[in-house]
Amino acid sequence: MAEEKPVKEKFDLDLYFEVQAEADMTKHMGAFDVTDELIALTGINQDSYVLDVGCGVGRSAVYVARTIGCCILGTDIREKMIARARNRAQREGLSHKLEFKVANAVNLPFEHNTFDVVLCESVNVFVADKPKAFGEYKRVLKKGGWLGITESIWLIEPSAQLDTFIKEKLSFLGDVLKAEDWQAYLQSTGFKDIVARSYAVDLKREFASRIKQTGIGDMLRTMWGGISLSFRNKKYWQFYKTAFSMPKEFMTDIGYGVIAGRKP
């Protein structure tokens, strides 16, 4: 019998998103409270045509369409995510408001000046060519349209221990930057009237937000989906074990930023 190879403790981005797709979850700090903030900052109304870049399993897109009544086109580079999003829209009776396509943020398959608003929730930390992606967001926006993003940020300069741990074990978290770095991307791309806000993580508030918007049943199903994965496959168990072994200062040093800007 061949000897079983040990599971690596450093995980790539594909596995990170595989876990999310299998568990039918989308990770972005601030939960639906942040989505509400982006709605307000970008002026989304029932007549808006919104592009949700990196829509994942479609939770935010469904929430915005249900809450505001606008039409949304969601994109993601993973077919499993798009399949989940389509199923969610159908279950919610919102297929007439929502469309989902496989697409890459750095090469959006849409005409210039198409959308009133572009939303990206916890997306750009994973994009290698960030200047190109922001250029694409601006290109597909109509004149006067708004870009709204939320991203993980450093609230303070990370310690050497934490920085090393993330680079060695949690590289799938992407490029965690400071709020002013994300603001600089919008400025250098030509966006105006930029608003940038920073927040610490409040887990109680996030759980309350998720329960309020999706119900306790949905949240428990999602949590069980993640737990059951670890029982079925050793690589998922090792993934969760590593993800939850982070230094204690992680939850105090890292937060999230909400940044919006207008295409002049």
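The values are calculated or read from the model by the stated rules, or taken from the named source; none is laboratory data. For clarity, every value in this text was computed on a predicted model and none was experimentally measured. Glycine also receives a Cβ, built like all others from the backbone with ideal geometry; neighbour counts cover every protein chain displayed. Note: areas computed on protein heavy atoms with side chains; ligands, DNA, RNA excluded. Shrake-Rupley method; radii C 1.70, N 1.55, O 1.52, S 1.80 Å.
Under the condition of being within 18 Å of Ile259 (Cα to Cα), open to solvent by 20 Å² or more (accessible area, probe 1.4 Å) and not hydrophobic (A, V, I, L, M, F, W, C), the residues counted in region 103-131 number 2. Determine whether region 67-90 contains at least one residue that is open to solvent by less than 70 Å² (accessible area, probe 1.4 Å), part of a strand (DSSP E or B) and on the phi > 0 side of the Ramachandran plot. Scanning region 67-90, I find no residue that is open to solvent by less than 70 Å² (accessible area, probe 1.4 Å), part of a strand (DSSP E or B) and on the phi > 0 side of the Ramachandran plot, so the answer is no. Per the listing Val176, Val258, Val195, the residue uniquely buried (at least 17 other Cβ atoms within 10 Å of the Cβ), modelled with pLDDT of 90 or more and not aromatic (Phe, Trp, Tyr) is Val258. Pairing each residue of region 247-260 that is assigned to a loop (DSSP other than H, G, I, E, B) with any residue that is open to solvent by less than 20 Å² (accessible area, probe 1.4 Å) and aliphatic (A, V, I, L, M), provided the two are 6+ apart or on different chains, yields C-beta distances under 7 Å for Pro247/Leu162; Glu249/Leu162. Residue-level analysis places Ala85 among those that are more than 24 Å from Gly257 (Cβ to Cβ) and aliphatic (A, V, I, L, M).
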